[in-house]
Amino acid sequence: MTSHAEPSELPGVTKEDEAPPAGPVRKQPPPGFTPEGRLGSEGKVLNVFSHGILVVWGLLVTLPLLWAVMSSLKTDKQIFTSPWGLPSALHFDNWSRAWSKSNIGDFFLNTILVVGCSLIGTMLLGSMAAYILARFEFPGKRFIYFMFVGGMSFPIILALVPLFFVMKNMSLLNTFHGLILVYIAYSLPFTVFFLTSFFKTLPSSVAEAALIDGASHTRTFFQVMLPMAKPGLISVGIFNFLGQWNQYMLPTVLNTDEDKRVLTQGLVQLAASQQYKGDWSALFAGLVLAMLPVLGVYILFQRQVQAGLTAGALK
């Protein structure tokens, strides 16, 4: 019985002369190298870059707002002589003068009436249409859904002329209810598109259990599914509120009555009447008054907006 010696044990054969192992040879990392260290450095660079972009974006948004607030508390002379300086004294009388003498108060109340009614109508009709498109199967469902999606891409400026004559023939020009109906139609496509995707993420077992217990489809929608869709409703409601509050083109064309003008029309009228001399401090005060409701609504419902935007991805 013969014994086989290892190659390294044979006389004249060393380990360097042995055949290389089969397969690719993996290079050894240099001393002190760790994959975690490389990933950590790349993550730090990306983190610094993203935070830098956010800081620049935040400055671009907040600095004009702060400048408008400071200008609303200055006199007209301070606005022109020291536009970037702090006010020597806080002139809150600019706000009261803008509210009363410049009719900002009347425009503000008109805007609250129009936007409040149109927002309620938009959310009610949009949620009902989105629930039907998300939960029921019927002929023409996809066609109706894509009609709403197409309404989002249709430029509103192309519909101004025919819309004007339609409103005129229906005696809806220069009326609050006519402007409310137009706002609802303007906001419905986005509302239906957003809420349809949101209703699809909700569990269907809850609705089925309510139907088995004897609840009708109407009761199931209003008492079961609608409360579950609260984050999505708040999110799309905020977006609709911002769009309708800042709307200028539609009321300019469809609402020319001076007593029924909304806030955006009033601010433009106030700025046009200033020309080269006028009450600039009151103009800035009116601008700040127009921004306060928007900022207040977003600050109050900030968490709900973030929850509604991320809920669709967490199915």
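Ranking ILE120, ALA89, ALA68 by how far each Cα lies toward the positive end of the dipole of region 58-142 (charges on Cβ) leaves ILE120 at the top.
Shown here for region 96-195: chymotrypsin sites (Phe, Trp or Tyr not before Pro) in loop regions (DSSP other than H, G, I, E, B) with at most 16 other Cβ atoms within 10 Å, namely PHE136.
With Rh defined as the Kirkwood radius, the inverse of the mean 1/r over Cα pairs, the Rg/Rh of region 105-160 is 1.13. Taking the three principal axes of the alpha carbon atoms in region 245-304, the coordinate ranges are 43, 30, 17 Å, sorted in descending order. Simple spin-label estimate for PHE146 and SER100 gives 6.0 nm between the two label positions (7 Å along the Cα-to-Cβ direction from each Cα).
On the principal axes of its alpha-carbon atoms, region 157-226 has extents of 50, 22, 15 Å, going from largest to smallest.
Using the Karplus curve 6.51 cos²θ - 1.76 cosθ + 1.60 with θ = phi - 60°, what ³J(HN,Hα) values do you get for each residue of region 117-126, in whole Hz, with x for Gly and Pro? Running phi through 6.51 cos²θ - 1.76 cosθ + 1.60 with θ = phi - 60° gives 5, 5, 5, 5, x, 5, 5, 5, 5, x Hz. Taken over the Cα atoms of region 168-279, the convex hull encloses 145 Å³ per residue. Note that region 53-63 has calculated 3J(HN,Hα) couplings of 5, 5, 5, 4, 5, x, 5, 5, 8, 7, 4 Hz, one per residue in order, obtained from phi through the Karplus relation 6.51 cos²θ - 1.76 cosθ + 1.60 (θ = phi - 60°); glycine and proline are x.
Bear in mind that the values in this text are calculations on the coordinates, not laboratory data. In this text the structure is predicted, and so the values were computed from the model without any measurement. Quick reminder, even Gly has a Cβ in these numbers, built from the backbone with ideal geometry, and neighbours come from all protein chains shown.
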